[in-house]
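Here is the structure we will look at, set down as structure tokens.
The values are calculated or read from the model by the stated rules, or taken from the named source; none is laboratory data. Remember, it's a predicted structure, so these values are computed and weren't measured experimentally. FYI the Cβ positions are ideal-geometry reconstructions off the backbone, even for glycines, and counts take in every protein chain you see.
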Amino acid sequence: MLDKNGIARRIAKEVKDGYYVNLGIGIPTLVANYIPRGLNVTLQSENGMLGMGPFPVEGDEDPDLINAGKQTITEVPGTAYFDSALSFGMIRAGKVDLTILGAMEVSEEGDIANWKIPGKMVKGMGGAMDLVAAAKNIIVAMQHVNKAGESKLLPRCSLPLTGVKCVKKIVTELAVLEVVPGKGFVLLERAPGVTVEEIRKATAGKLVVEGDVPEMDIA
Amino acid sequence: MNKVVKDADEAIMDITDGATIMLGGFGLCGIPENCISALVKKGVKDLTCISNNAGVDDFGIGLMLKTRQVKKMISSYVGENAEFERQLLSGELEVDLIPQGTLATRCMAAAYGMPAVWVRAGVGTEVAEGKEVRNFGGVDYLLEYAFDAPFAIVKAWKGDTHGNLVFRKTTRNFNMPMAMGGKITIAEVEELVPAGAIDPDHVHVPGIYVHRIFQGKQYEKRIEQRTVRSKS
């Protein structure tokens, strides 16, 4: 079973040279720490920046330079700034190669719910609906089950949707799964030490197991 | 053409109860601090604020929530504010939540003189309820209308006496589309310079969109999430 950093480490293997990547808040943010050196990858922050660098060292924080999580960050060589309309313009136009975000639920059709729990305080969808509606390649980073022990991989989402038929891949503490509409959650890899049976038990939607499922390589 | 006003009080003089105002910024980054203080001081009520966020309890739009001046927020994310939550749950405050890109683009549509735009965000979700859907090339889109806001209030880094604006780093955010999308645009700047002092190639918002400008003072520029790494 993986911890949060393990999930981030595995997702980092999906990042290819030359990619423009948008990272959501939470586990997705950690992915930046595991992108192999030598790959030329540009991080997009939807508040208006391409080429997001690490947190500043103490004393170098700049209130005019934050990411979409409102955290202080830095530039890298080649950074570009722009406004929110242009930022979502490039997202909509499919220029961002990979979007990694968290979710409360994903359905076997690739629907995602991650912004609202009815009856609880609703904070808003931020840029999530725009991102999932537009991105060519969406990977969800999340825990396989919620705090109540219920599966988050479902036949249909029970919570209000963020987007429909958009999630391509899911990485959890137990597994890597591909979402194939009409088929279900296709099990690609198991986390180290996790059995197919354990993954099956934690998956409420249809799990498709084809042949031997390899263990993840997260070295 | 004299766009320069003395201060925030003069800039907002004709904003009255019930007004709809676009307010630039993202979180607390690049917010028009001087004009927010002036609106609090003036005490105008029943405002509709179009703003990506709602500030925090004691800063930004949070100051206007505390004094119960806001009737409705039109935003994409409002989670950082306990007083906001209290007013929302008690029914004192209305909130219209809009996907962030749609929010920005509805400002931009106003700036570009377009009545509406087609966007994919929200298709198949509750955001689509009651909206016109049209299929282009096999993909469904929602019809989203341009904002029609009498006032936009933005903060820029530099501005000149013609209203040309320059922003710094990630403060362009909603300041730029709102500056261009308001009927009357008020810009507060950290430094006001004479026309000609800004390189024309460096102008982000051309002055035609800006109606009033002044040099703000005592910017606090509060940081919402101070994150640092170790020096090693």
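A compact table of results
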read-out: Options B:98, B:36: the member that is surrounded by 19 or more Cβ atoms within 10 Å (Cβ to Cβ), more than 15 Å from residue B:174 (Cα to Cα), in contact with a strand residue (DSSP E or B) (Cβ under 8 Å, 6 or more places away or on another chain) and of a type in the set (A, V, I, L, M); value: B:36
read-out: Index of the failed condition, residue B:91 passing every other in (1) on the phi > 0 side of the Ramachandran plot; (2) within 11 Å of chain A (Cβ to nearest Cβ); (3) out of contact with any Lys or Arg (no Cβ under 9 Å at 6 or more places or on another chain); value: (2)
read-out: Residue in segment B:1-43 that is nearest to the other protein chains (Cβ to nearest Cβ), counting only those that are over 14 Å from residue B:59 (Cα atoms) and of a type in the set (Val, Ile, Thr); value: B:21
read-out: Count of segment B:55-69 residues which are closer than 24 Å to residue A:119 by Cβ and surrounded by 18 or more Cβ atoms within 10 Å (Cβ to Cβ); value: 1
read-out: Exclusive hit being in contact (Cβ under 8 Å) with a residue 60 or more places away in the chain, closer than 22 Å to residue A:136 by Cβ and either among the polar types (S, T, N, Q) or touching an Asp or Glu at 6+ places or on another chain (Cβ under 7 Å) (or both), set A:42, A:99, A:29; value: A:99
read-out: Residue in segment B:148-161 that is within 30 Å of residue B:190 (Cα to Cα) and more than 21 Å from the chain's Cα centre (by Cα) present; value: yes
read-out: Filtered residue count, segment B:162-182, keeping only those that are of a type in the set (S, T, N, Q), part of a helix (DSSP H, G or I) and under 12 Å from the mean Cα position of the chain (by Cα); value: 2
read-out: Answer residue from segment A:161-210, given it is in contact with a strand residue (DSSP E or B) (Cβ under 6 Å, 6 or more places away or on another chain) and within 14 Å of chain B (Cβ to nearest Cβ) and is nearest to residue A:126 (Cα to Cα) among those; value: A:162
read-out: Complete set of residues in segment A:48-89 that are small (Gly, Ala, Ser), under 26 Å from residue B:205 (Cβ atoms) and facing chain B (nearest Cβ under 7 Å); value: A:48, A:84, A:85
read-out: Residue check for residue A:95: out of contact with any Leu (no Cβ under 7 Å at 6 or more places or on another chain), more than 12 Å from chain B (Cβ to nearest Cβ) and surrounded by fewer than 24 Cβ atoms within 10 Å (Cβ to Cβ); value: yes
read-out: Filter pass, residue B:125 being within 22 Å of residue A:117 (Cβ to Cβ), of a type in the set (S, T, N, Q), at pLDDT 95 or above and touching a helix residue (DSSP H, G or I) at 6+ places or on another chain (Cβ under 7 Å); value: yes
read-out: Top-ranked residue in segment B:51-79 [being at the interface with another protein chain (Cβ under 8 Å from one of its Cβ atoms) and touching a Leu at 6+ places or on another chain (Cβ under 9 Å); ranked as farthest from residue A:161 (Cα to Cα)]; value: B:52
read-out: Selected residue (criterion: farthest from residue B:78 (Cα to Cα)) from residues of segment A:113-158 that are aliphatic (A, V, I, L, M) and over 18 Å from the mean Cα position of the chain (by Cα); value: A:148
read-out: Those residues of segment B:13-33 which are surrounded by fewer than 24 Cβ atoms within 10 Å (Cβ to Cβ) and touching a Ser or Thr at 6+ places or on another chain (Cβ under 6 Å), in sequence order; value: B:20
read-out: Selected residue [at pLDDT 95 or above, within 18 Å of residue A:130 (Cβ to Cβ), surrounded by 24 or more Cβ atoms within 10 Å (Cβ to Cβ) and out of contact with any His (no Cβ under 9 Å at 6 or more places or on another chain)] from B:104, B:109; value: B:104
